[in-house]
Structure formats: C-alpha cells, structure tokens
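Notes for the one structure printed next.
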Amino acid sequence: MKRISSLLILFLATLTSTPLFAQVDDQGLDEKINAWVQPATEAVSNVVFFPIQLGDDAATSMPLVIIFLLLSALFFTVYFKFINFRGFGTAIQTVKGTYSDPNDAGEVTHFQALTAAVSGTVGLGNISGVAIAISLGGPGATFWMILAGLLGMSSKFVECTLGVRYREIGPDGKVYGGPMYYLTKGLKEKGFGTFGKVLAVFFAIMCVGGSFGGGNMFQSNQAAQQFLNMVGSTSSSAGTIFGLFMASMVALVIIGGIKRIGSVTERVVPFMCGIYILAALVVIIVNAAQLPATFGKIFGEAFSPVAVAGGFVGVLVQGFRRAAFSNEAGVGSAAIAHSAVKTDYPASEGIVALLEPFIDTVVICTMTAIVVIITGDYNQAGAMGGVEVTSQSFATVIPWFPYVLTVTVVLFAFSTMISWSYYGLQAWLFLFGKNKLNDIIYKVLFCCFVVIGAAASLGAVTDFSDAMIFAMSVPNLIGLFFLLPVVKKEAARYYAYIKSGEWKQYHPEAK
C-alpha cells in the first residue's frame, strides 16, 4: 500500500508540475492523422450509420443499424416468451451460484463473467450520453431508453447462450469464444460453412478495430481530459504521462487474462456502480418533492412531448439511440466475456447475461436521467457538454461530487478498457492464431493505444472505431437468427436441469 500511495503522489505531482518530457507537436500530428483517416471514417460511418428518416424533422432520423438491433431485440423477446422478465429471478440465483457445479469447465464464475461484460458497457455514455439524449429528446426519452434496455436483455440472452454453446477450450484450460466461433461452427452445422466463416472474419476484424478505438483510445482520452481538468494540470506532456500511468495499470490486469480481468471487475464494477447509484439516490432524496413532477415529465412527454425537436418520433429516437449505444445488446461483444464462464449449460450464462442491459441501461442510465431532470439542468447539455451537466446536477446537492465523478469516470474508462482488451484479444487470436507471440503482440499494441488516446485528440479515429463496433452487429444478428432453435433447445435443457434438482448435490445447504 505504501508503494502504491507513493506512486500516486509522484504521479499527481508530475502532472501539476512543469513538463518532464520534450513535447512533440501533438496537435499537428493529430491533424495529420485525422486528415488521413477522415475519408475512410466518413465512408464507413455513412454505411453503418445510414440514417432512416422517421418523421419530418432531422431529429427524427435513426441509423438503420440501430433499427435492426431494436427490431431484433423485440423479435427475440416475443420468440422466447419474454425471457427478459421470466428469467430475471433465475438469473439472480444463477449469478449467486445456486445452480453451479464447481467442477464445470471454464475460467471464471457467473458473477465474474457478468461484471467483466458490464464493465465493457458501463462507461462515459452512462454519464454524458444520457444528459445529451435528454437535452435533445426531452425527459420523455428516458421512457423509451428504459424500454429499449428491457428489450436488449433478450438479445444478450441469445448471443451469450450461443457464445458458451460453441466455445473452444484449449489444452491449457483457456477458453476461446464469442460470435467468431458460433458464426463459424453454428452456421456450418446449418450447411452454410463458407458464409459463416466470412461473417466470422468480418466480425473479428471489426472487433479488433473497435477494441483499439472506442474500447480504448476514446476511454483513455476522456478519462485524461476529466482528470487533468480536475487537478488543473498545465503540463504540455500531462496527457502522455496520464496515458503511461493508465497503460501500466491496464497492463498489470490484462497480462493475467480473463481470470485476472474477472477478479478485478468483480471488485471494481460493484464499487463504481455503487458509488454512482448512492450519490444519485442522495440527489433524488433531497429533491423528493420534485419526484412526482419528474416522473410526470418522463411518462407524459414520452407520448405527448412538449416543444421538443422532432415531436413524438424525436423523443423515441433519442431514447432508443442512447440505449443501443450504451448496452451494445446484439453487437456480440459481451458474448466473448460470457463464453469463459464455468458451466456445462450454455443457457445458464445466457440467463445471467440478460442482467447486463438491466444494470447498464435500466438502472445506471435511468439514475443519470432522473438526476439531470429533477435538478432541471438537462436543458444546458447542448452548451456545456454531457459530463459537465451531470456533474453540475450532482453538485447542487453534493458540492464536492465533481471530484468523485472524476474518479468514477476514470474507473469507468479503466474497466471498459480491460474488458475490451479481452474482446479484441479473442478476435485477434481468431484471425492470427492462438499462440503466445500473438497474445503478447496484441497486448503491447493495446497498451500503446492507451497512451496515444490520452495524449492525442483523434476524433476521426474514434468515430471510425464506433462505426466498426456497430458494424459487428450485422454479422452477429444474422448468425443469431439462424441459430435461434439451438438457443431454445439449450434454454429447455437448463430449465430441466434446475427442475430436476441435480444441482443440490453441489450445494448441501439447499437440500
């Protein structure tokens, strides 16, 4: 602990002092990289985020990929007879380990797999993105955001069940899973081997790109900005120093693989989410008198928006967009983390995975929404930026909360990075081969991108990676529709196992 404290003190002193390193013309380099990447960014974004006009106003356009994600989630919900609600209690019991066999193959527990996946989705979007969505769509957008989050639970159930069903376990016990494997093996079973392999390779390429950008550089960049603003650093090399510090912390975790990642996220995720939710509850309790009016705005303006751009459709669009970008249900990324779970019943992890959008969107995003609505600050999001508005809303009740929020942002970014490092690594090994050299190459590259993200301002690069992340959903959803009968069979098998009571032999206290 003394060494860690000394390191942190030295780190803070360095950031707030004169530069230790000669500063390269980062801005000039940033502009050159942006100019080089911009054409590709625009081309990919125009395809992936092709807008569909749903009303007369520009605010009513929604990317086709998000419509695809939402309609798929709705279909999965109906197909599995509202598994997102029926399976909730079973999910809680499964996470607790009630039905677990400690001897099952895998690397992490149900709880560790869940926290690893949640850490990949809970990030800056839960803080800033929600405030911006409400400023554009009004309080009513919260209702549609919650609805989309509930539907997304079904998508997570489907993709994570398949992730475990078609995973591969190496001689050393390491697990390799995710859409790459169920697209390849699952579609081959259906007689579409070549098609499945093409989809898997496309998914893996997009996943690697997304892991370096949106899952890494963007997180590092935003964490650096928030932290440096808090400490008032004027050092020209502060971003680089912060990046080096973050990269070293990330390296310490990801070197240990999914077991180390799971052991860290099972502590960090409950802690950071708990702090944020507790602070939000304090704000809500202090403003309890405004709570009825707040809920009145959320539900009333969801169907009868008042003076909001785009009217009813605009409100719906903003809520759905925020949920889709936040929980990534249907994108396929979470299936990679959930595949490493210790279980012989694939649907057990699918059931656990449906908790993820609930935690991310229905709980955390909704907490942010209520806070910025109840304090009335959401109207300022356009001028101030999402993080600033959320910070100001909390500060009305907890003056020192901006400091806590900064720590939360850094933790959110850190947890997102370590989870996405695993997603990208799995895709990298699928493309280039499962060996130690490829493992090391990817991890070194990932840590380098942490530093680049913190030191530079690569808008076009991160925009490009966002497009790559959502491009992952196209091959993933195609595979999900082909393999729905497999999921239904696995779900029936798991529920039969629970009903049989076989699990009680591993848990004497349940007899």
Provide the FRET efficiency to the nearest 0.05 for the Leu252-Ala105 pair, computing r from the beta carbons and using R0 = 30 Å. 0.65
Which shape class, rounded, prolate or oblate, goes with the range 126-220 when its Cα gyration tensor gives a ≥ b ≥ c as root eigenvalues, a/c under 1.5 marks rounded, and past that a/b bigger than b/c marks prolate? prolate
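Hey, got the dipole for the range 352-491? About the Cα centre, +1 on K and R Cβ, -1 on D and E Cβ, debye to the nearest 20? Intermediate values should be presented prior to the final figure.
Working: 5 positive and 8 negative charges, 107 e Å.
With Lys and Arg at +1 and Asp and Glu at -1, about 520 debye.
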Per-peptide average of other Cβ atoms within 10 Å, ordering 350-362, 191-203, 387-399 highest first: 350-362, 387-399, 191-203
What lysines does Lys489 reach when the alpha-carbon gap must be under 21 Å and sequence neighbours fewer than 8 apart in one chain are set aside? Lys81, Lys156, Lys185, Lys188, Lys190, Lys342, Lys499
Magnitude of the Cβ-charge dipole (Lys and Arg +1, Asp and Glu -1) of the range 323-421 about the Cα centre, nearest 20 debye, reported as 120
Packing-wise, with mean Cβ within 10 Å as the measure, how do 251-261, 365-375 rank, highest first? 365-375, 251-261
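Each value in this text was obtained by applying a stated rule to the coordinates, not by laboratory testing. These figures come from a predicted structure and were not determined experimentally. With ideal geometry, Cβ positions are generated from the backbone for all residues, glycine too; neighbour counts draw on all protein chains shown.
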